[in-house]
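The structure appears right after this line, and notes come after that.
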């Protein structure tokens, strides 16, 4: 088209024209809209002629507002006629305003087309899923601890792993120091929550005792006035509790499961769940490696506005997650030392990878003629409706069919790549020096 000119990689310049009569009408609308706000000496407010205002403030006083009013429609029409897939906001310049009307230019970036040299026969390693007895025992122990209960100790002193309730007050050279006093504090002995030596010296004491312990603050302790100093803490031990972990037997299985009633069935179920979880992780890792290989075989130049928009989306999602957990970006910046620029920069690699992946998959979709069936589209709508507990028709009114189709096509392209991939066995781990000696 005559009004479209390529000016760079994935960048075009549109020439937009506004007829003089249309522009003059819009200028008059701008005058009528604003005349009541302009104070002109010698005229009542709202009664100053347009020519007088233009003489005072310049002939172009109403031009910007007139152009802003007309521009969206003519710009959108030009983009549609040129069949452009625009990925940036237009950079507008006024070329001329005269008796022939108005001439504008709009510089925009367009969506690039990726060139994929290879997407079938990509190679990637896939981890073998193995579940050992130790894995099963560890998972079961987690379940047992989750169902444990705390019992009060009355017949022995405190031991490692006990949970104690204490008051303490610290002194350096016999003088209490700031932050060294607390009451009714819960502490698991051996957890390493306090400075070295603190927890160890509580072990062996009984509930109801008051005693002193002596510790030395580490040389690199955060409070400089305490770093490397010796301190005496006066401890009052109020209560000792221990964790009673239920035995692994059929009664325990019946308690934690609605469907299982024996230890053997429980172990088999645990193994199946671990296997499924690890298989999903292995499949995802395999898919990620294939996507990396796809990107390596893809040539595309991504306009910066596309990356900026993707980063903006990443930041918005991150902000939403923070707020859903009671936080905010401001709090995140305060406690991490990040700022808006460093956060955006940290999202840049994954944003660019996401764009490259999508463009590469779109090239595969086009090359293979991938398209969803009406049944697949309907099934996808139903899945979303079920997930959000909504009526399918309401989901359809909220999500365009083209977006549903796009998601289905991307998944199909990934599956096609996986089906045609070459699965490599994982490389053996490097032998240790001791193994080599043997």
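The values are calculated or read from the model by the stated rules, or taken from the named source; none is laboratory data. Every value quoted in this text rests on a predicted model; they were computed, and no experiment measured them. Positions of Cβ are backbone-derived with ideal geometry, glycine not excepted, and every protein chain shown enters the neighbour counts.
Across region 314-337, which residue is surrounded by the fewest Cβ atoms within 10 Å (Cβ to Cβ) among those that are touching a helix residue (DSSP H, G or I) at 6+ places or on another chain (Cβ under 8 Å) and under 30 Å from residue 289 (Cβ atoms)?
This residue is 318.
Assuming residue 176 fulfils every condition listed in (1) over 30 Å from residue 415 (Cα atoms); (2) touching a strand residue (DSSP E or B) at 6+ places or on another chain (Cβ under 8 Å); (3) in contact (Cβ under 8 Å) with a residue 60 or more places away in the chain apart from one, which condition is it?
Condition not satisfied by residue 176: (3).
Can you tell me which of 13, 2, 6 is surrounded by fewer than 17 Cβ atoms within 10 Å (Cβ to Cβ), out of contact with any helix residue (DSSP H, G or I) (no Cβ under 7 Å at 6 or more places or on another chain), at pLDDT 85 or above and closer than 30 Å to residue 87 by Cα?
Just one listed residue meets the conditions, 6.
Filter region 234-260 for residues that are surrounded by fewer than 13 Cβ atoms within 10 Å (Cβ to Cβ) and over 23 Å from residue 162 (Cβ atoms) and give the result. Write out each step before concluding.
Step one: of region 234-260, the residues surrounded by fewer than 13 Cβ atoms within 10 Å (Cβ to Cβ) are 244, 247, 249, 251, 255, 258-259.
Result: 249, 251, 255, 258, 259.
Please pick out the residue among 169, 125 that is in contact with a strand residue (DSSP E or B) (Cβ under 9 Å, 6 or more places away or on another chain) and more than 30 Å from residue 211 (Cβ to Cβ).
Unique residue meeting the criteria: 125.
Just the residues that are surrounded by 13 or more Cβ atoms within 10 Å (Cβ to Cβ) and not in a helix (DSSP H, G or I), please, taken from region 21-45.
38, 40, 43
Which fully enclosed helices (runs of 4 or more DSSP H) of region 259-347 have 2 or more residues being in contact with a strand residue (DSSP E or B) (Cβ under 6 Å, 6 or more places away or on another chain) and modelled with pLDDT of 95 or more?
Per the criteria, 263-296.
Yes or no, residue by residue, for (1) over 18 Å from residue 175 (Cα atoms); (2) modelled with pLDDT of 95 or more; (3) outside any helix (DSSP H, G or I):
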position: 222; (1), (2), (3): yes, no, yes
position: 227; (1), (2), (3): no, no, yes
position: 233; (1), (2), (3): no, yes, yes
position: 239; (1), (2), (3): yes, yes, yes
position: 243; (1), (2), (3): yes, no, yes
position: 255; (1), (2), (3): yes, no, no
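So, residue 409, is that one in contact with a helix residue (DSSP H, G or I) (Cβ under 8 Å, 6 or more places away or on another chain), loosely packed, with under 14 Cβ neighbours inside 10 Å, at pLDDT 95 or above and not in a strand (DSSP E or B) or not?
no
Here are some residues: 371, 351. Which one is touching a helix residue (DSSP H, G or I) at 6+ places or on another chain (Cβ under 9 Å), under 30 Å from residue 293 (Cβ atoms), at pLDDT 95 or above and not in a helix (DSSP H, G or I)?
Exactly one of 371, 351 is touching a helix residue (DSSP H, G or I) at 6+ places or on another chain (Cβ under 9 Å), under 30 Å from residue 293 (Cβ atoms), at pLDDT 95 or above and not in a helix (DSSP H, G or I), namely 371.
Do any strands (runs of 3 or more DSSP E) lying entirely in region 46-132 carry at least 2 residues that are buried (at least 18 other Cβ atoms within 10 Å of the Cβ) and modelled with pLDDT of 95 or more, and which ones are they?
101-109
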